[in-house]
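Accompanying notes for the structure given below.
Where a number appears in this text, it was derived from the coordinates with a stated rule and is not lab data. Just so it is clear, the model here is predicted, and its values are computed rather than measured. Cβ sites come from the backbone with ideal geometry, for glycine too, and all protein chains shown count toward neighbours.
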Amino acid sequence: MTDTYDTIIIGLGAMGSSAAYQLARRRQRVLGLERHTPAHAFGSSHGRSRIIRQAYMEGTEYVPLILRAYELWEALEQAAGERLLTFTGGLTIGPPQSAGLQGVIRSAEAYNLFHEVLDAAEVRRRFPPLQLSNDLIALYEQRAGVLVPEACINANLRLAAQQHAELHFEEPVLAWEAAAGGDRVRVTTARGSYEAERLIIAAGAWAPELLADLSIPFTIERQVLYWFDPLGGTAPFAPDHFPIYMWEFDEQSAFYGFPAQQGSPGGVKIAFHTGGMPCTPETIRREVLPDEVAAMRAALAERIPAINGRLLATATCMYTKVPDEHFVLGMHPHHPQVIVASPCSGHGFKFSSVIGEVLADLAQHGTTSLPISFFSPQRFVG
């Protein structure tokens, strides 16, 4: 006998776990299927920290969504009874005419977000570890900070289960099929077969395989995370006086980093946002090579030399991207009972609280009041 549900979710990472909670709290019958264990380290939503910010260089279209995301993160904290978000302030650094700086300034002005444009000397004064050359500027925003991704995902999963969502882990999906009438789906795994009225595909780096019928030009990039023990200790990087930051060197190169966090592995985390190595979930190289560490040290040497101490740890993650680097979010172009949620392109985690709400709206009503037309999968079809 086939088990039946209102909605099946493939993937219980950042987006899928949020959708599971949002649907379960609406008393929907939810089945979540995850190929790995909860909050695993094999995809895109791990590493103990993710940036959240409001002034959005990637486009003003994102700002209404991120403002709603903040409200939902605060609601999730209250429901979970734990702290998930730490406000540290944030900097976007680069040449004055760079796409990143112009983008954050444009979005901040469009939505009257509190911000300050600082010259290099003022950044050095406020945040001494950041050694900006005089030809750079920065936009500072107060409402930026750090999310703990594993804690966020686990909170969503725990609350979803409390609302009677059925969550299956270590159960990879083998296939899915949408009924011709547009009202049913069937999902097959190694353990069994399940049916539902709606299907959400939120599989991250596994989405290209599950959405092969759409020929969306997905690419997957391997990125490396680094934790260094700063020279002179972590005190100058404490989150009460050191911000998150994104530093754009030129149109093709950027890195981002965080204040010091308590807990293992300690130190200060930093990573390149660009130049990732093409991979798949099956071929990604988890080992970090000496020349990769050397490239990060070279970038730090002239910009944040105080970080450039002993290497404490490394990890790898995957960016699932499309050519325009925007989200892929909306109804499947050929199957109205299927919802596509591959929003990352390397900058999606901060939105996962609101994307969960969007996915719940789409699954329950077929539409949402939140502005997502810009992200429609239809733009890649036909």
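If you take every DSSP beta bridge whose two residues both sit in the chain, what share of them, in percent to the nearest 5, is antiparallel? Intermediate results must be reported in sequence, preceding the final value.
On the way: 53 of 74 bridges.
Expressed as a percentage, antiparallel bridges in the chain total about 70.
Give a residue-ordered list of calculated ³J(HN,Hα) values for segment 95-110 (Karplus: 6.51 cos²θ - 1.76 cosθ + 1.60, θ = phi - 60°; whole Hz; x for Gly, Pro).
Each residue of segment 95-110 in turn: x, x, 9, 5, 4, x, 5, 5, x, 5, 5, 4, 5, 5, 6, 5 Hz.
Where does each of 155-167, 136-148 land if you order them by average Cβ count within 10 Å, highest first?
Numbers: 155-167: 19.8, 136-148: 21.6.
The packing order, highest mean first, is 136-148, 155-167.
When the chain is modelled as a GNM with alpha-carbon springs shorter than 10 Å, which of CYS152, CYS279, CYS344 fluctuates the most?
Most flexible of the set in this elastic network: CYS279.
Amide H to amide H, which residues 5 or more places from ALA254 or on other chains are under 5 Å from it, using H placed in the peptide plane?
Those qualifying (amide H under 5 Å, at least 5 residues apart or on another chain) are PHE249, HIS273, THR274.
Residue by residue through segment 75-81, which ³J(HN,Hα) values in whole Hz follow from phi under the Karplus form 6.51 cos²θ - 1.76 cosθ + 1.60 (θ = phi - 60°), with glycine and proline marked x?
Rounded to whole hertz, the list is 5, 5, 4, 5, 5, 7, x.
Could you rank the peptides 354-362, 207-215, 284-292 by their average count of other C-beta atoms within 10 Å per residue, with the highest value first?
Numbers: 354-362: 25.9, 207-215: 16.2, 284-292: 11.8.
Output ranking for 354-362, 207-215, 284-292: 354-362, 207-215, 284-292.
Pick from SER353, SER253, SER44 the residue whose mean-square fluctuation is largest in a GNM of the chain, springs joining Cα atoms under 10 Å.
Maximum fluctuation in the GNM of the chain, among the listed residues, is at SER253.
Starting from the amide H of ALA179, placed 1.01 Å from N in the peptide plane, find each other amide H under 5 Å away whose residue is 5 or more places distant or on another chain.
ARG184, VAL185, ARG186
What list of ³J(HN,Hα) couplings, whole Hz, do you get for segment 140-146 from phi and the Karplus terms 6.51, -1.76, 1.60, once you set θ to phi - 60° and write x for glycine and proline?
Once rounded to whole Hz, the list reads 10, 10, 6, 8, 9, x, 10.
On C-alpha positions alone, give me the angle between the axis of helix 352-365 and the longest principal axis of the chain, in degrees, nearest 10.
20 degrees
Counting alpha carbon pairs within less than 8 Å and at least 6 residues apart, what relative contact order, in whole percent, applies to the chain? Mind showing how you got there, number by number?
Working: 868 pairs, mean separation 91.6, N = 382.
Reported as a whole number, the value is 24 percent.
Would you compute, from DSSP H runs of 4+ residues alone, the mean residue ellipticity of the chain at 222 nm, taking -39500 (n - 2.57) per run and dividing by the full residue count, rounded to the nearest 500?
Numbers: 8 runs with 92 residues, N = 382.
-7500 deg cm²/dmol, from helical runs alone.
With the chain treated as a Gaussian network of Cα nodes joined by springs under 10 Å, which of HIS326, HIS334, HIS36 yields the largest mean-square fluctuation?
Result: HIS334 has the largest fluctuation of those listed.
In segment 1-151, what percentage of the DSSP-assigned beta bridges are antiparallel, given to the nearest 5? Each step should come with its number before you reach the end.
Values: 15 of 19 bridges.
DSSP beta bridges in segment 1-151 are roughly 80 percent antiparallel.
Among residues other than GLN262 whose Cβ falls under 12 Å from its Cβ, what is the net charge (Lys/Arg +1, Asp/Glu -1)? Numbers along the way, then the final one.
Numbers: positive: ARG48, ARG83; negative: none.
For residues surrounding GLN262, the net value is +2.
Grab the beta carbon distance between ALA238 and ALA99, set R0 = 35 Å, and tell me the FRET efficiency rounded to 0.05. Show your work: numbers first, answer last.
On the way: r = 31 Å, r/R0 = 0.89.
For R0 = 35 Å, the calculated efficiency reads 0.65.
Let me have the relative contact order for segment 101-223, percent, based on Cα pairs under 8 Å that are six or more residues apart.
Details: 98 pairs, mean separation 15.2, N = 123.
Contact order relative to length: 12 percent.
When Lys and Arg each count +1 and Asp and Glu each count -1, what net charge do the other residues less than 14 Å away from GLY81, Cβ to Cβ, add up to?
Details: positive: ARG83, ARG158; negative: GLU74, GLU77, GLU82.
Within the 14 Å Cβ shell, the charges total -1.
Under the rule of at least 5 residues apart or a separate chain, name every residue whose amide H is placed under 5 Å from the amide H of ILE137.
GLY94
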